[in-house]
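Shown next, in structure tokens, is the structure this report addresses.
The values are calculated or read from the model by the stated rules, or taken from the named source; none is laboratory data. Source: prediction; values computed, not measured. With ideal geometry, Cβ positions are generated from the backbone for all residues, glycine too; neighbour counts draw on all protein chains shown.
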């Protein structure tokens, strides 16, 4: 609906008058960049010369220089000039936003598919918002604002969303300097009314542009905030007012706000507060495991863990790290029992106590994960035939009372909090999920981009921080209970699998299991500790 206005260029005489000594060539080169940039299909040399009223020989020299610097490129088939990749590299560096665009891509497409309307991503640039990404809607008559287009803050859903998420001081400073130009009869031009609108936007979590920038077009937007709580931009859904009624905007608002929250959960803060180097991590002497996992810490600080592929239960105590006993099938989980361990395998479960093992009642089916909650209640996740997982409570007779069903497999379960909440990792989507007994809903606490690694096990520190291992991510990370990433510990191995806390020599330590099986041979030369048990001081 909204279209980009055609670029305008000052006449040659005006440019010369405005240019200082020695800047004429620079002015001409910038005019060439503007002209080519405003033409999506590119321009030929003669078209550039005609549009800018410049001699063809001058244009030839300018084009050659700009191509040499990567700012322009020539399409040899169509024989036209287009913007070079160096322009895009500089734009990304200027806004420091490649992670924002990448994180938002899937959510923009999902919102587009949900609504059928065009979705946008924008960020703040001075006293305007600039469009960074767009997913076109399914209708022939749709919003079509161009990428890179700048719009006012006071009359766009993106601008109002960004302002609403700022601190009071920063927002007030910007609003004071805004020129509240009326672009339609519905544009807000009174600062007191704008402040009231921003307070409402902050309270409900989403903003509305009710035909304030273009008559006949409505938008709903929400701010994107990173893990440090800083606003990084905004997303929006835009379309014709007759399709996006006010009632529909009110229904879509929470969906847009939730999508913006998920985008922000993938973003690291612009200045990470606590990133620890590998120097804080040490390896425990002992044989490596093919696939270490499921660390369990006893009250005396003894650590039990498993090699799931060469099935065996290992123990780390005062005597060091060694094998405790072997298993007949791959180990799926280790759980603390009152006087020993419950070892869960693909063939069921046994209770190991003082060197003796007895069968433990266990549900049929493929066990994905298990954990022990309050009052020694055992929670179990089992695979569903139609894909996904069912999570429930284990009865003493081995029956499973299912509480939740999830559309993808889970890799780990852990319990924390007075309400007995169950946390799970879902590696396919990179999500950390939260489920509360008595509530049927499943909440997505945080999302880890695939490029950061695959989620492994979970552990909680004394402050309620959520730690998880990132396989292929060379690290373990900590999230707050609000879903914000606030700490990263680099590891000397690529594939961490699980985590647990223990107190040793009066200090709090994070125990990390790792795997060796999936690490390429060439990587093992630089990560020889793969498969070993690691310990990090916290």
* Structure fact -> For residue 220, the lone unmet condition from (1) over 29 Å from residue 446 (Cβ atoms); (2) at pLDDT 90 or above; (3) within 27 Å of the chain's Cα centre (by Cα) is (1)
* Please give the number of the condition residue 483 fails out of (1) free of Cβ contacts under 8 Å to residues at least 40 places away in the same chain; (2) in a loop (DSSP other than H, G, I, E, B); (3) over 22 Å from residue 289 (Cα atoms). => (1)
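Against the condition surrounded by 15 or more Cβ atoms within 10 Å (Cβ to Cβ), under 30 Å from residue 323 (Cβ atoms) and touching a strand residue (DSSP E or B) at 6+ places or on another chain (Cβ under 7 Å), how does residue 358 come out, does it pass? Show your work before the answer.
Details: surrounded by 15 or more Cβ atoms within 10 Å (Cβ to Cβ): no; under 30 Å from residue 323 (Cβ atoms): yes; touching a strand residue (DSSP E or B) at 6+ places or on another chain (Cβ under 7 Å): yes.
Spelling it out, it is not the case that residue 358 is surrounded by 15 or more Cβ atoms within 10 Å (Cβ to Cβ), under 30 Å from residue 323 (Cβ atoms) and touching a strand residue (DSSP E or B) at 6+ places or on another chain (Cβ under 7 Å).
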* Does segment 500-507 contain any residue that is in contact with a strand residue (DSSP E or B) (Cβ under 7 Å, 6 or more places away or on another chain), at pLDDT below 90 and either outside any helix (DSSP H, G or I) or surrounded by fewer than 21 Cβ atoms within 10 Å (Cβ to Cβ) (or both)? -> yes
* To do: Report, by residue number, each residue of segment 212-226 that is surrounded by fewer than 24 Cβ atoms within 10 Å (Cβ to Cβ) and under 16 Å from residue 258 (Cα atoms).
  => 225, 226
* So how many residues does segment 368-398 have that are buried (at least 16 other Cβ atoms within 10 Å of the Cβ) and more than 16 Å from residue 433 (Cβ to Cβ)? -> 4
* To do: Please work out if residue 154 is modelled with pLDDT of 90 or more and within 13 Å of residue 207 (Cβ to Cβ).
  => yes
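I need the full set of residues from segment 291-302 which are part of a loop (DSSP other than H, G, I, E, B) and within 26 Å of residue 398 (Cα to Cα), in order please. Show your work before the answer.
Quick first cut of segment 291-302, residues part of a loop (DSSP other than H, G, I, E, B) only: 298-302.
If the condition is that a residue be part of a loop (DSSP other than H, G, I, E, B) and within 26 Å of residue 398 (Cα to Cα), then 298 is the only one that fits.
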* Considering segment 519-538 alone, what residues qualify as being part of a loop (DSSP other than H, G, I, E, B) and touching a residue at least 40 places away in the same chain (Cβ under 8 Å)? -> 529, 530, 531, 532, 533, 538
* Asked: Would you pick out the residues in segment 28-75 that are in contact with a helix residue (DSSP H, G or I) (Cβ under 7 Å, 6 or more places away or on another chain), within 26 Å of residue 149 (Cα to Cα) and without any contact (Cβ under 8 Å) to a residue 24 or more places away in the chain?
  -> 31, 49, 69, 70, 73, 74
* **Which numbered condition residue 350 fails, given (1) out of contact with any strand residue (DSSP E or B) (no Cβ under 6 Å at 6 or more places or on another chain); (2) without any contact (Cβ under 8 Å) to a residue 12 or more places away in the chain** => (1)
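Conditions (1) at pLDDT below 90; (2) out of contact with any strand residue (DSSP E or B) (no Cβ under 7 Å at 6 or more places or on another chain); (3) within 30 Å of residue 266 (Cβ to Cβ), marked per residue:
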| site | (1), (2), (3) |
| --- | --- |
| 192 | no, yes, no |
| 201 | no, no, yes |
| 206 | no, no, yes |
| 224 | no, no, yes |
| 227 | yes, no, yes |
* Got a number for residues in segment 71-93 being at pLDDT 85 or above and surrounded by 12 or more Cβ atoms within 10 Å (Cβ to Cβ)? -> 8
* Do the conditions hold for residue 21, that is, is it surrounded by fewer than 14 Cβ atoms within 10 Å (Cβ to Cβ) and at pLDDT 90 or above? -> no
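When you scan segment 392-406, do you find a residue that is at negative phi and modelled with pLDDT under 90, even just one?
no
Can you tell me which residue in segment 128-147 is surrounded by the fewest Cβ atoms within 10 Å (Cβ to Cβ), limited to those that are at pLDDT 85 or above and closer than 20 Å to residue 207 by Cα? Steps first, please.
The initial filter retains those residues of segment 128-147 that are at pLDDT 85 or above, namely 128-136.
Subset that is closer than 20 Å to residue 207 by Cα: 128-135.
Details: 128: 15, 129: 28, 130: 18, 131: 19, 132: 22, 133: 19, 134: 20, 135: 19.
The extreme case among them is 128.
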* Here are some conditions: (1) buried (at least 24 other Cβ atoms within 10 Å of the Cβ); (2) in a loop (DSSP other than H, G, I, E, B). Residue 512 meets all but one. Which one does it not meet? -> (2)
* To do: Report whether or not residue 430 is farther than 21 Å from residue 295 by Cβ and at pLDDT 90 or above.
  => yes
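Quick check on residue 39: is it closer than 13 Å to residue 80 by Cβ and over 42 Å from the mean Cα position of the chain (by Cα)? Write out each step before concluding.
Details: closer than 13 Å to residue 80 by Cβ: yes; over 42 Å from the mean Cα position of the chain (by Cα): no.
So residue 39 does not fit the description; no.
Restricting attention to segment 440-459, and to residues there that are in contact with a strand residue (DSSP E or B) (Cβ under 9 Å, 6 or more places away or on another chain) and surrounded by fewer than 18 Cβ atoms within 10 Å (Cβ to Cβ), which single residue is nearest to residue 225 (Cα to Cα)?
Filtering segment 440-459 for residues in contact with a strand residue (DSSP E or B) (Cβ under 9 Å, 6 or more places away or on another chain) gives 440-448, 452-459.
If we keep only those that are surrounded by fewer than 18 Cβ atoms within 10 Å (Cβ to Cβ) too, we end up with 440-441, 443-444.
On the way: 440: 28, 441: 24, 443: 18, 444: 16 Å.
Only one residue tops the list, namely 444.
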* Check residue 443 against each of (1) in contact (Cβ under 8 Å) with a residue 24 or more places away in the chain; (2) assigned to a strand (DSSP E or B); (3) under 20 Å from residue 407 (Cβ atoms) and name the one condition it does not meet. => (1)
